[in-house]
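Contents: one structure, followed by commentary.
The values are calculated or read from the model by the stated rules, or taken from the named source; none is laboratory data. This structure is a prediction, so every number in the text was calculated from the model and none was measured. Heads up, the Cβs are rebuilt from the backbone with ideal geometry, glycines too, and the neighbour counts pull from every protein chain shown.
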Amino acid sequence: MLKNGILGVMLCLTGYFTQAQVTLVVETLPGATHSSDTLFVCGSFNDWVPNDKRYIVHKQLNGQLSVTLPAANGKIEYKFTRGSWNKVETDAENRMIANREFSFGNGETVHVRIENWLDLGGARQINYLIFYFFACAFQGMGLCFLVSRITKRDAEKFKSFLLINGLMIALLLLAVLHEIVNPIQQSYFVFIFHVAAFCWAPVLMIFLKAFSGQKKFINTRVYFIPVIVAGLVVMLRIFNLHALDFLSMILYPPLTLGNTLFIAISFSFNLFVFLRMLSLYPELKLHQVTQHTEHTSFGYYFFWLSFLALLLIPVNTFLLVNGFVHPFFEDFQMIGIALSALIFLETYFFWRYPEIIREEKTVQSGSENNLEWLIKLNELMTAEKPYRHPDLSVSDLAEMLGTRPHVLSRVINDHYRKNFRDFVNTYRVEEFIVLANDQQYKHYTFLALAQEVGFNSKSTFNLAFKKLTRQNPREYFKTHA
């Protein structure tokens, strides 16, 4: 009797252990799979119903898809679908495949690769925007090379420039790779974007601090603490920590709770840092736009274009929630377009005004007297005639004098009651009148003489001449014959 009892217990235990669960994990999906599609597993365990809601494949924390089948014994056959037999999985050549098989034993995990779908046939629509992002990344790399060739560049400015451009180039290249890899692997790229979202405002603060010229002490390191926290949370998600399973809950396809929280928190953090930068750098405020020179306007436009990209994040999220399900919105590509515009903004300023990244010359406080600079300015304009250069800027002239652009602008405004352009054009018009009355230049046309003194177009010359003399050139010389 005892033997029979022990044998019975062992048989029961054997039956219990052989009747176990299995978790099917989908490691890869066809590239054409839409992020809003729902995957099902069907088979002999549910009479091959292709859209059984009990067997929906759910997204895990690390981006992979999985489904757990109930405990059973023996062998089952199964396949994956997207809700109907017209959307069943196929092989790489889009041919029907044999049923998958699994024999229950001890609980285990089976990893699955889905090659194709019957209705899609491997077709994947090309997103031509990735070519634009790649071109922008290449432009950014070319810009870094261009700036590295500028002589006497400021080390702090150059380091901050490489930092922010390295971030932009990396994000653009990640956007390109995100479009190429399969949907499961795309989840890992999304994690990188989550961490990078917390980097943007702190990196921009370092950039503006270097280019503002202000020597305020700003502890930028403290603003990178959220970046570290975001990185730790992402690592926990990659390891599928069960305590964070609630983050994989779908709120608005394709947005999960985890993605939505990352978007909301990163936007709030960036907005806080942007407002902090506005308080630290008054020259960034909108009402200061008329007070900028070519030198100072670079940081101003860079800041506000970055702020526009930030505001596009809630706009993009709102469109997703309201049914605009398209890769352009799902992948937040409108933010990528706004950020890519920063590279073109930099290209213009560094090509046109390379002095903005050069070391600023130290000017003694005693020589900041306006009268001294006025004397130096008149001597320079008379002796070297820099106004003959058509592209002369306030930064160029300030560098020749050994002062800063804002000091030169103040001297011109205070003593001549003119802006820089009118001041230079006055010298050009006066030089034009002198040359026109010189027998050596009698064979020159008015346009040729205008170009000789620094005007780069006929219309600009005529406007400047009439503004100074109240007459056009022909009327003037006829009157003063």
Members of region 102-158 that are closer than 22 Å to Ser44 by Cβ and among the basic types (Lys, Arg) | Arg113
Using beta carbons and a limit of 6 Å, which pairs, at least six apart or on different chains, have the first residue in region 172-193 and crowded, with 18+ Cβ neighbours inside 10 Å and the second one among the polar types (S, T, N, Q) and in a helix (DSSP H, G or I)?
-> His178/Gln186
Out of (1) in a strand (DSSP E or B); (2) surrounded by 15 or more Cβ atoms within 10 Å (Cβ to Cβ), the odd one out for Val110 is which?
-> (2)
Subset of region 338-361 (residues that are in contact (Cβ under 8 Å) with a residue 60 or more places away in the chain, surrounded by fewer than 18 Cβ atoms within 10 Å (Cβ to Cβ) and either among the hydroxyl-bearing types (Ser, Thr, Tyr) or closer than 25 Å to Asn127 by Cβ (or both)) = Phe344, Thr347
Looking for whichever is closer than 16 Å to Met381 by Cβ and either buried (at least 17 other Cβ atoms within 10 Å of the Cβ) or assigned by TED's automatic domain parsing to the domain that holds Lys376 (or both) here; the options are Leu468, Leu449. Which one fits?
-> Leu468
Please work out if Glu431 is within 43 Å of the chain's Cα centre (by Cα), surrounded by 15 or more Cβ atoms within 10 Å (Cβ to Cβ) and acidic (Asp, Glu).
-> no
What do you reckon, is Arg421 at pLDDT 85 or above, under 21 Å from Ala464 (Cα atoms) and among the charged types (D, E, K, R)?
-> yes
Which residue out of Phe267, Phe207 is within 30 Å of Pro354 (Cβ to Cβ) and modelled with pLDDT of 85 or more?
-> Phe207
Among the residues listed as Phe239, Phe246, Phe274, Phe269, the single one being surrounded by fewer than 15 Cβ atoms within 10 Å (Cβ to Cβ), touching a residue at least 40 places away in the same chain (Cβ under 8 Å) and of a type in the set (A, V, I, L, M, F, W, C) = Phe239
Among residues of region 212-236, those that are at pLDDT 85 or above and of a type outside the set (Ser, Thr, Tyr), counted = 15
Please state which one of Ala123, Ala71, Ala135 is modelled with pLDDT under 90 and either assigned by TED's automatic domain parsing to the domain that holds Pro30 or outside any loop (DSSP other than H, G, I, E, B) (or both).
-> Ala71
In region 48-59, residues that are surrounded by fewer than 16 Cβ atoms within 10 Å (Cβ to Cβ) and assigned to a loop (DSSP other than H, G, I, E, B) total 3
Among the residues of region 383-400, is any surrounded by 13 or more Cβ atoms within 10 Å (Cβ to Cβ), of a type in the set (Ser, Thr, Tyr) and free of Cβ contacts under 8 Å to residues at least 60 places away in the same chain?
-> no
Candidate set from region 282-329 (those that are of a type in the set (S, T, N, Q), at pLDDT below 85 and surrounded by 16 or more Cβ atoms within 10 Å (Cβ to Cβ)); member that is nearest to the chain's Cα centre (by Cα) = Ser297
Which residue, of Leu118, Leu69, Leu65, Leu129, is surrounded by 15 or more Cβ atoms within 10 Å (Cβ to Cβ) and closer than 30 Å to Ala338 by Cβ?
-> Leu129
Take the residues in region 132-166 that are within 20 Å of the chain's Cα centre (by Cα) and of a type in the set (Lys, Arg), then tell me which one is surrounded by the most Cβ atoms within 10 Å (Cβ to Cβ).
-> Lys157
